[in-house]
1. When you look at Asp112, is it open to solvent by 10 Å² or more (accessible area, probe 1.4 Å), on the phi < 0 side of the Ramachandran plot and more than 17 Å from the chain's Cα centre (by Cα), yes or no?
2. Quick one: what pairs do we get from region 277-297, first residue farther than 13 Å from Val214 by Cα, second assigned to a helix (DSSP H, G or I) and open to solvent by 50 Å² or more (accessible area, probe 1.4 Å), C-beta under 8 Å, 6+ apart or different chains?
3. Got a number for residues in region 16-32 being open to solvent by less than 80 Å² (accessible area, probe 1.4 Å), touching a residue at least 12 places away in the same chain (Cβ under 8 Å) and not β-branched (Val, Ile, Thr)?
4. Do we find a residue being open to solvent by less than 70 Å² (accessible area, probe 1.4 Å) and over 20 Å from Ala193 (Cα atoms) anywhere in region 43-63?
5. From Leu267, Leu239, grab the single residue that is surrounded by 23 or more Cβ atoms within 10 Å (Cβ to Cβ), over 18 Å from the mean Cα position of the chain (by Cα) and at pLDDT 90 or above.
6. Please go through region 273-299 and give me each residue that is touching a Ser or Thr at 6+ places or on another chain (Cβ under 8 Å) and either outside any helix (DSSP H, G or I) or open to solvent by 40 Å² or more (accessible area, probe 1.4 Å) (or both), ordered by number.
7. Assess whether Pro57 counts as being part of a helix (DSSP H, G or I) and out of contact with any His (no Cβ under 6 Å at 6 or more places or on another chain).
8. Looking at Tyr222, Tyr168, Tyr259, which is the one that is of a type in the set (Ser, Thr, Tyr), open to solvent by 50 Å² or more (accessible area, probe 1.4 Å) and within 25 Å of Ala281 (Cα to Cα)?
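The values are calculated or read from the model by the stated rules, or taken from the named source; none is laboratory data. Bear in mind the structure is a predicted one, so any value in this text is a computation, not a measurement. As a convention, Cβ positions derive from the backbone with ideal geometry for all residues, glycine included, and neighbour counts pool all protein chains shown. Ligands, DNA and RNA are stripped out before the accessible areas are found, and what is left, the full protein with its side chains, is counted by its heavy atoms. Shrake-Rupley method; radii C 1.70, N 1.55, O 1.52, S 1.80 Å.
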Amino acid sequence: MTLISLILALALEQLRPLGNRNRVWLLFTRYANHLERNLNAGAERHGVLAWLVAIVPALLLSLLLFYSLKAVSPLLALAFNVLVLYLTMGFRHFSSAFSEISQALAEGRDLDARLALSNWTGLPTAELSVEEISRLAIEQGILDSYRHVFGTMFWFVLLPGPSGALLYRLCSMLNQKWGSRNAAEDPFGLFAARVAGWLDWMPVRLTAAAFAIVGDFEDAIYCWRSQARTWGNYANGILLASAAGALGVKLGDPLRQDYSVKYRPELGLGDDADPSYLKSAVGLVWRSALLWLAVTLLISVASRMG
């Protein structure tokens with residue numbers, strides 16, 4: 001059921017993409033805002049309570065519905081799995097922006113590419129060159145593919161029913177809302193950030209390993225080991241360094257933003273980024289996803305034979 005759910009959800013998402021701004025996640029965002037307004041009194045324990053109130057009931061409800069539907073018919077449980085996966089994972093959550101940038105660069109519409117990248121990342125892009133646009137788009141695409149595909153897929157496979165996928169998506173959203181703040185000034189989001197780090201530890205490394213296997217293995221492992229720790233966020237550094245090595249492209253490096261230079265460490269080996277590497281990055285993500293599906297199939301077969 002796990003593998004079939006993943007395949008059906010990915011196929012459905014390709015046929016009828018569902019963006020980030022869908023009503024389900026808007027409702028959860030409003031609920032999170034409501035919890036923060038009513039529970040944030042400036043201490044970490046208040047963030048723990050808000051996190052529990054936001055996450056635990058949703059997980060319990062998903063498990064109750066899954067096992068209730070399974071008791072009636074396995075097909076109903078399968079449909080519920082697919083529905084939750086459709087809402088929580090998928091390439092189309094980010095690929096539309098990626099495709100828009102790639103097409104604009106291919107047609108020489110640099111201004112449109114900068115605008116699309118700014119809308120996607122929320123960063124200033126007016127001064128970026130074509131090489132910098134390509135570099136930043138690849139970086140954002142790799143990170144988003146992890147959040148919307150690999151991280152969600154890992155926890156869906158590991159936990160019963162759709163609870164893993166729901167847990168990862170909700171925790172990621174709370175971390176983005178609460179965990180990115182300065183903990184010294186506002187410790188409310190400290191617990192959300194800590195849990196997100198725990199949930200990311202294993203799937204980040206498995207995703208980086210998949211990039212290495214389906215790309216340039218030697219360079220991916222070398223960049224992972226030698227460059228990942230130079231990045232501000234170590235988990236993101238693992239993903240970006242391994243992807244850069246697997247693709248044979250340079251990521252990181254300084255960017256011209258807000259009339260100044262933003263210095264960043266170099267990631268990867270090989271050529272400077274250009275629009276052609278955007279398609280290579282999409283191919284890397286798809287091959288890695290297919291590898292994960294193949295491994296899931298082998299695990300399912302071995303489990304049944306056991």
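1. Details: open to solvent by 10 Å² or more (accessible area, probe 1.4 Å): yes; on the phi < 0 side of the Ramachandran plot: yes; more than 17 Å from the chain's Cα centre (by Cα): yes.
Considered against the rule, which asks whether it is open to solvent by 10 Å² or more (accessible area, probe 1.4 Å), on the phi < 0 side of the Ramachandran plot and more than 17 Å from the chain's Cα centre (by Cα), Asp112 comes out as yes.
2. Listed by first residue and then by second, the contacts come to Leu293/Ile7; Thr296/Val157.
3. Here is the first cut: in region 16-32, the ones open to solvent by less than 80 Å² (accessible area, probe 1.4 Å) are 17-20, 22, 24-26, 28-29, 32.
Adding the requirement that they be touching a residue at least 12 places away in the same chain (Cβ under 8 Å) leaves 17-20, 22, 24-25, 28-29, 32.
From what's left, not β-branched (Val, Ile, Thr): 17-20, 22, 25, 28, 32.
Count: 8.
4. Yes: one or more hits.
5. Numbers: Leu239 fails: over 18 Å from the mean Cα position of the chain (by Cα).
From the options Leu267, Leu239, the qualifying one is Leu267.
6. Matches in region 273-299: Ala273, Asp274, Pro275, Lys279, Val282.
7. Numbers: part of a helix (DSSP H, G or I): yes; out of contact with any His (no Cβ under 6 Å at 6 or more places or on another chain): yes.
Answer is yes for this residue.
8. Details: Tyr168 fails: open to solvent by 50 Å² or more (accessible area, probe 1.4 Å); Tyr259 fails: within 25 Å of Ala281 (Cα to Cα).
That would be Tyr222, the only listed residue that is of a type in the set (Ser, Thr, Tyr), open to solvent by 50 Å² or more (accessible area, probe 1.4 Å) and within 25 Å of Ala281 (Cα to Cα).
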